[in-house]
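The values are calculated or read from the model by the stated rules, or taken from the named source; none is laboratory data. Small disclaimer: the values here were computed from a predicted structure and weren't measured. Backbone-built Cβ (ideal geometry, glycine too); neighbour counts: all protein chains shown. Accessible surface is based on the protein model in full, side chains and every heavy atom, while ligands, DNA and RNA are left aside. Shrake-Rupley method; radii C 1.70, N 1.55, O 1.52, S 1.80 Å.
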Amino acid sequence: QVHLVESGGGLVQTGGSLRLSCAASGRTYAIKDVGWYRQTPGKQRDLVAEITRSDRTNYADSVRGRSTISRDDAFETVYLQMSSLKPEDTAVYYCRARGYLNGIEFWGQGTQVTVSS
């Protein structure tokens with residue numbers, strides 16, 4: 001009932017910037033919060049940043065100060081602006097929406113971010 005599509009990933013040099021986008025469709029009115037996660041092979045998905053409908057934000061220590069999460073009023077698009085990128089930022093980045101009802105979660109298919117030296 002909520003579909004998520006990530007975009008904006010790609011290859012960037014160390015120190016560069018990217019803006020990732022998460023496009024949501026369906027019952028977006030029921031979204032409580034949206035988070036960006038990242039995962040490398042063999043690792044669990046780690047939270048990068050999240051934003052609630054009340055615009056409360058939370059960032060992982062590894063990206064705090066160089067990342068900004070934002071959204072439109074309808075929670076139809078959520079952005080993750082990342083700057084001063086490092087090779088350790090290389091991962092597949094996923095968008096996750098969490099609904100008020102039943103605590104259900106929705107995940108996109110991910111977008112690859114590769115930071116080269």
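Summarising the amide proton neighbourhood of Val2: residues at separation of 5 or more, or on other chains, whose placed amide H is nearer than 5 Å comprise Arg27. In the chain, the portion of solvent-accessible area held by carbon and sulfur atoms comes to 47 percent [1.4 Å probe, whole percent, DNA, RNA and ligands not counted]. Whole-Hz Karplus values for segment 60-69 come out as 5, 4, 5, 10, 4, x, 10, 9, 9, 9 Hz, taken residue by residue from phi with 6.51 cos²θ - 1.76 cosθ + 1.60 and θ = phi - 60°; glycine and proline positions read x.
Farthest towards the positive end of the charge dipole of segment 18-110, among the residues Cys22, Ile69, Pro87, is the Cα of Pro87, using unit charges on the Cβ of Lys, Arg, Asp and Glu.
With θ taken as phi - 60° and the Karplus curve 6.51 cos²θ - 1.76 cosθ + 1.60 applied, the whole-hertz 3J(HN,Hα) list for segment 43-55 is 10, 6, 6, 10, 5, 9, 7, 8, 9, 9, 5, 8, 6 Hz, x standing for glycine and proline.
Summing charges over neighbours of Phe106, with a neighbour being any other residue whose Cβ is under 9 Å away from its Cβ, gives +1 when K and R count +1 and D and E count -1.
Other residues whose C-beta falls under 12 angstrom from the C-beta of Arg45 contribute a net charge of +1, scoring Lys and Arg +1 and Asp and Glu -1.
Take the chain with all the other protein chains still there, run a 1.4 Å probe, and you get 53 Å² of accessible area per residue. In this structure, the amide hydrogen of Asp33, modeled 1.01 Å from its nitrogen in the peptide plane, lies closer than 5 angstrom to those of Arg98, counting only residues at least 5 positions away or on a different chain. Note on surface exposure: Arg98, Arg64 rank Arg64, Arg98 by accessible area, highest first, 1.4 Å probe.
For Val5, the solvent-accessible surface computed with a 1.4 Å probe is close to 90 Å², ligands and nucleic acids excluded.
The H on the amide N of Arg45, modeled in the peptide plane, is under 5 Å from the matching H of no residue at least 5 residues off or on a different chain. You can think of it this way: the chain between Thr90 and Val5 has 28.7 nm of extra reach, that is 0.36 nm per residue less the Cα-Cα gap. What net charge is computed for the residues neighbouring Tyr29, neighbours being all others with C-beta under 12 Å from the C-beta of Tyr29, Lys and Arg scored +1, Asp and Glu -1? My count for the surroundings of Tyr29 gives +1.
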